[in-house]
Every structure is written in structure tokens, then in C-alpha cells.
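The values are calculated or read from the model by the stated rules, or taken from the named source; none is laboratory data. Every value quoted in this text rests on a predicted model; they were computed, and no experiment measured them. Cβ sites come from the backbone with ideal geometry, for glycine too, and all protein chains shown count toward neighbours. Please note that ligands, DNA and RNA were not included when accessible areas were found on the heavy atoms of the full protein model with its side chains. Shrake-Rupley method; radii C 1.70, N 1.55, O 1.52, S 1.80 Å.
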Amino acid sequence: MVHLSLKISSLLSLLTLLLIASTTSAQTDTRIQLSLSDAEKRFVQNNYQLIAQQYQTDQAYADVITARLFENPEISYENLLYNPETKRFLGTSRAYGQYQASISQMIKLARKRNKNIQLATTGVKLTEYQYFDLMRTLRFNLRSTFYKTYYNQQSAKVYEEQLNSLKLLLTANEQQLKLGNIALKDIIRIKSLLYTLQGEYSNIMNDIEDSKTEIKLMTNLPANADLDLMVSTEEEQKYLLNKHVYNNLLDSARNNRADLKLAKTEVSYATQNLKLQKANAIPDIELSLSYDLKGSYPDNYTGIGIKLPIPFFNRNQGEIKKARIAIQVGEIQVQQQEAILENEVYNSYTSALRTENLYQGLDKNFNTDFDKLIAEVIRNFKNRNISLIEFMDFYDSYKTSTIQMNNLKYERMHAKEEINFVTGSNIFK
């Protein structure tokens, strides 16, 4: 019986260890395949900066609610504290007491309430355009970083292939060195190339990890996630710049750029604020109704009153002047934003056109042909048909050309995203 209990206990312990091991493995093995569309969905739903900006929009809506509210009425009451004749506190009787009460209501003139509502509503538009402009900027950063990381990963694969090949080649040549078939200087050269490649590979992997961290932060993915980014060949081929001429891009920017709309809305906000400040120069009236038991003539006094400030000294001159200046500043900022927009669209278009012409002028079979060539070079070097120096030159040319091709592909996709960014639209999806 004891033996059976020990077996059961051992079995439970084993199951517990397996459960812990599987849980730990699940926690550490979080490999995620991520396309650009998936990253964008996560970004829109989970990005902390967008969520925080959305709360500011909700706050602006709350300002509209506040502007719609009317002024609260005010009630006042005063009672006799102590009557020295009757030796009583807080007397309220008609014979020996005294109290008075009043109620008043502020009434705003010059349609101040409506003007406040209009101003608050325009404030909502400001926060909405701030949200869309933030999204435009962050989405550009996400897409650009995504493509940069992807093509760096493709370059890293080239380094991995070269490093594996060189390690095998070094091992084979070290055996030949022992047999006296090659010189020590050849081993040193191979090791030097290997160390150089390892250093470059380490640098590019550091850049990849930094970019992945930025993507994780923007999409709110786990910090320990291992991202496997995917870009389809169709996605690269779908981008055709020639279909979109410069004037169309400029019109799209003028119609869709949130920062330009924000600048124009700020002018509207300043204009509405000027109207409000002019209205504030007109005083509001306060109506009141009061009752006094015995402190006024006659007893049981009931009165109606009106209070109206005389705008003799303060006619809100300072705020009116500030509002006028704000309009002038806003109009200048609109002109500046339009100039920035035109220059950004022109610069992005010409850069993208230059990159596209360079890309289209390249042989699309270049990588495949070069892969075959380098394989042939490795085979000839092993057979001693070419020298080590020739082999290293071919190796360096292969690495440089492949990385340049990946960099050009990234620059091309980055140019596409920059056009989307400067036009404020998804012209190239």
C-alpha cells in the first residue's frame, strides 16, 4: 500500500514538473508571424498614445456638455441670531423673530451661451484633428519601421549563410593546413573575413532588435515576443508610382492632411473666440426675488430686483485684442503649413520617382544569378580553381550587392509610405 502511494506521489510530481516545463516553454516561446496589416490592426486598437489622445477628445466633448448648461440659481437666507429682548436664539416667529430670504438667477445676454457651445464644438474638432495627425505620424513610423526591419532580416539571412559557409570552409582548410596542403596565411585571411562578418552581423542584429522593440511598443505586443515579419511579393509589385502624378498627390494632401485642417480649424476657433470676447464685454443681468419678515418696510416685505454691471472701465478690451492677434497668428500658420505641405509632397514625389527609376532599371534576376555565381565560386575555390583573394573578392561583392538590393527595396517601400504620410491618405495600400 505504501509502495502504491509512493508511485502515485512520484507520478504527481512528474506531472507537476511537466506542467511547469510546458508553462515556461509557452511563456518563452512567443513567436508571432506578423504582416503589416496585422500590425496596423493591433496599432489602431492598442497603441497607448492613440488611446490617450482619444481620452482628450472625450474631454473636449465634456466641455460641450459644460457649455450647454445654464447658470445655477442662488439662494440666500439670513436669520436673527439672538434677540436681547426675549433672550431667545434664532427666533422666527412673527412676534419676536426676524429672517429674510432671496433667490436670484443670472441671465447671460448677447447669446454668450450659444457662442460658448460653438467654441467648445470647435474645440472637439481640434482634438479630433490632433488625433488623426498623431495617427498619421505613428502609422508612418510603424510602416517604415516594419519595412526596415523586414529587409534587415533578409540581409541578416545573407550574413547567416555566409557565416555558416565560412565556418565549414575554415574547418576544411584547417584540416588541409595540418596536412601541409595550404599556407597559414590563408587560414588567417579566412578568419579575418569571418570575424569581420560576425561583427557586421552583430550590428545588423542589434538594429533589428531595436526596430522590433519599436514595433512592439507601437502595437502593444509582449516584450518577449519573437516577431517574424512577412512582406509578400505581391505587396512589392502592387506599388506603381507612375499612376499618380504630382498634381493629384498635391490635391490629396490639401484635402486630407490633418495638420492643415488643424491649422484652419484653429483660425475658426480664434474667430469664434473673438465673437465670444466681444459678447463678454456686454454685461449680464441678475434677477432676484426676496422676502423680509420684519426688517424692511412694510413687514412681510416681498421685492423683486435686478443687478446690471456698468461697463465703464472694463469692457474686456484685453481679451478682445488677444483674440484678434490669435486670428492673425492662425492665418500665418495656415500659410506656413500650406508651404510645408507643398514642399514635402514635391520632395517625397521626386525622391520616390528617383528611387523607383533606379529600382526598375535593375535586373530582377540579379539575386538569383548572383546566388548561382557564388555557389559556383565556392565550388571552384574548394577545387583550387581560383585563389583565396579572388574568392574573398567574390564573397565581399556578393554580400555588398545583396545588402544594397535589400536597402533599395526598403528605400522604395519607405518612399511609398512617405507619400502616404505627406498626402495624409492611403494612396498606396
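Here are a few things to note about the model shown:
- Residue within the stretch 44-63 that is in a helix (DSSP H, G or I), at negative phi, surrounded by 14 or more Cβ atoms within 10 Å (Cβ to Cβ) and acidic (Asp, Glu) present: yes
- Of all the numbered requirements in (1) open to solvent by 20 Å² or more (accessible area, probe 1.4 Å); (2) over 19 Å from Phe381 (Cβ atoms); (3) of a type outside the set (D, E, K, R); (4) touching a residue at least 40 places away in the same chain (Cβ under 8 Å), Ser202 misses one, and that requirement is (4).
- Count of the stretch 64-86 residues which are in contact (Cβ under 8 Å) with a residue 24 or more places away in the chain, exposed (fewer than 14 other Cβ atoms within 10 Å of the Cβ) and either out of contact with any helix residue (DSSP H, G or I) (no Cβ under 8 Å at 6 or more places or on another chain) or not charged (D, E, K, R) (or both): 8
- Residues that are within 30 Å of Leu221 (Cβ to Cβ), among the hydroxyl-bearing types (Ser, Thr, Tyr), at pLDDT below 80 and loosely packed, with under 10 Cβ neighbours inside 10 Å are absent from the stretch 1-21 altogether.
- For beta carbons closer than 7 Å, sequence separation of 6+ or different chains, a first residue in the stretch 127-145 that is over 12 Å from Ile215 (Cβ atoms) and a second that is β-branched (Val, Ile, Thr) and part of a helix (DSSP H, G or I), the qualifying pairs are Thr127/Thr57; Glu128/Thr57; Tyr129/Thr265; Tyr131/Thr57.
- Among the conditions (1) assigned to a helix (DSSP H, G or I); (2) open to solvent by 90 Å² or more (accessible area, probe 1.4 Å); (3) of a type in the set (Phe, Trp, Tyr), Tyr349 misses just one, which is (2).
- Failed item in (1) open to solvent by 90 Å² or more (accessible area, probe 1.4 Å); (2) part of a helix (DSSP H, G or I), with Gln333 passing the rest: (1)
- Checking each residue in the stretch 73-86 for being among the polar types (S, T, N, Q) and in a strand (DSSP E or B) picks out Ser76, Asn79, Asn83.
- Residue that is farthest from the chain's Cα centre (by Cα) [pool: residues in the stretch 87-102 that are surrounded by 13 or more Cβ atoms within 10 Å (Cβ to Cβ) and in a loop (DSSP other than H, G, I, E, B)]: Tyr96
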